[in-house]
Every structure is written in C-alpha cells, then in structure tokens.
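The values are calculated or read from the model by the stated rules, or taken from the named source; none is laboratory data. Predicted model, so just to flag it, every value in this text is computed and none were measured. As a convention, Cβ positions derive from the backbone with ideal geometry for all residues, glycine included, and neighbour counts pool all protein chains shown.
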Amino acid sequence: MDILTGHLYHIHDSFYGRFPDCNLLYNKGDSFSRPVCVAIQDKTNTDLFWAVPLSSKIKKYKAIYEKSMDRYGGVCDTLSIAKYAGIESVFLIQNMFPVTKKYISHLHTIGDSSIPLIKTVSDEISKKANKLLVLHKAGKTVVFTDIDYILNDLLGHI
C-alpha cells in the first residue's frame with residue numbers, strides 16, 4: 001500500500017501495544033479503531049511518516065487554539081482547525097508521532113471513498129509539524145508523545 005501525504009489512515013493496534021507508555025492517544029470506544037491520523041512523509045527518511053491525529057472535539061480544542069493565538073500573537077502551531085469531509089475538525093499536531101508503513105493499517109474511508117485533505121490544509125499541517133520537530137530537536141517540549149523513544153525504536157527496526 002502506498003502511503004500518501006494528506007490522506008487519513010488507521011494505525012495497527014500492534015503499534016499501540018508496542019508503545020504503551022508513550023502518551024499516544026487511545027480510542028475511547030466509538031466506531032473507529034484508534035485515532036484517525038493524517039500521514040506526513042518525513043523529509044529525511046522515506047521509510048518514516050508522521051501521524052497527526054484528528055479530533056472532532058472542536059469545543060475543547062478551539063478554546064486551547066484561541067488561547068494560544070492570543071498568547072503568541074496570532075500563532076498556534078500545535079493545533080490546526082479545518083474542515084474534513086465537510087465537518088469542522090481539529091488536527092492535533094501536538095500529539096503527532098512517528099510511524100512506519102508496517103504499522104499503518106488501512107486508509108480511512110467514509111462510505112466507500114477515501115477523502116483526502118484539501119491541499120492548503122495538508123500543507124499547513126505539514127508546515128506546523130515540521131516546525132514543531134525543529135523546536136523538539138532544539139530541546140523544546142512542544143509534542144506530548146515520546147517521539148524520541150518511538151523514533152529510536154522504529155529506526156532500529158527499519
């Protein structure tokens with residue numbers, strides 16, 4: 001299966017089982033298997049993708065988004081609010097994590113169709129994710145998941 005940036009995917013349960021203490025988001029019991037994630041190709045390693053979870057909890061995250069926008073002069077790099085499949089959604093860049101193709105279960109579909117993100121939304125999420133990765137490498141705590149542990153483990157098994 002080819003993994004395409006800007007499309008949404010489900011992650012295998014085995015990934016979550018392998019990294020149980022890494023602050024990954026877990027399914028709360030609705031009809032989806034784990035969070036649905038946007039896949040972003042890593043710029044330096046073609047075997048690696050960054051998974052950005054999608055949330056429908058607009059009210060909760062919009063308050064956080066607006067607070068960040070006020071605090072940082074109109075900037076919020078940890079969240080993106082945009083429509084997906086006609087529904088306002090939140091992309092939790094602050095909860096992104098590295099993943100390899102081995103752990104990407106399947107393409108997310110609605111009905112029988114895969115609905116990719118609008119290119120401008122996909123580009124915005126990629127830009128924010130890359131910015132957070134640069135900040136993370138500089139020692140800033142901006143991502144909630146233990147991306148260093150996951151990344152080191154995955155890179156040792158590619």
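Annotations for the structure displayed:
- Flag if LEU4 is part of a strand (DSSP E or B), in contact (Cβ under 8 Å) with a residue 12 or more places away in the chain, closer than 18 Å to VAL121 by Cα and of a type outside the set (Gly, Ala, Ser): no
- Here CYS22 does not fit the description of being farther than 22 Å from HIS157 by Cα, assigned to a loop (DSSP other than H, G, I, E, B) and touching a Phe, Trp or Tyr at 6+ places or on another chain (Cβ under 8 Å).
- Cross-chain or 6+ apart pairs with Cβ under 9 Å, the stretch 43-67 first and among the polar types (S, T, N, Q), then exposed (fewer than 12 other Cβ atoms within 10 Å of the Cβ) and in a loop (DSSP other than H, G, I, E, B): ASN45/ILE158
- Some residue of the stretch 116-139 being of a type in the set (Val, Ile, Thr), free of Cβ contacts under 8 Å to residues at least 12 places away in the same chain, outside any strand (DSSP E or B) and under 20 Å from ASP47 (Cα atoms): yes
- If you check LEU132, LEU155, LEU107 for being at pLDDT 95 or above and not β-branched (Val, Ile, Thr), only one passes: LEU132.
- Residues in the stretch 144-158 that are over 18 Å from ASN130 (Cβ atoms) and not in a helix (DSSP H, G or I): ASP146, GLY156, HIS157, ILE158.
- Hits in the stretch 83-106 (condition: surrounded by fewer than 16 Cβ atoms within 10 Å (Cβ to Cβ) and of a type in the set (A, V, I, L, M, F, W, C)): ALA85, ILE87
- Residues being of a type in the set (D, E, K, R) and either under 27 Å from LEU151 (Cβ atoms) or in a loop (DSSP other than H, G, I, E, B) (or both) - total across the stretch 77-109: 3
- Selection status of ASP153, within 23 Å of TYR16 (Cα to Cα) and in contact (Cβ under 8 Å) with a residue 24 or more places away in the chain: yes
- Against the list (1) within 22 Å of LEU24 (Cα to Cα); (2) outside any helix (DSSP H, G or I); (3) out of contact with any strand residue (DSSP E or B) (no Cβ under 9 Å at 6 or more places or on another chain); (4) free of Cβ contacts under 8 Å to residues at least 60 places away in the same chain, the condition GLY74 fails is (1).
- Matching residues in the stretch 45-94 - criterion: being in contact with a Phe, Trp or Tyr (Cβ under 7 Å, 6 or more places away or on another chain), of a type outside the set (A, V, I, L, M, F, W, C) and at pLDDT 95 or above: SER80, GLN94
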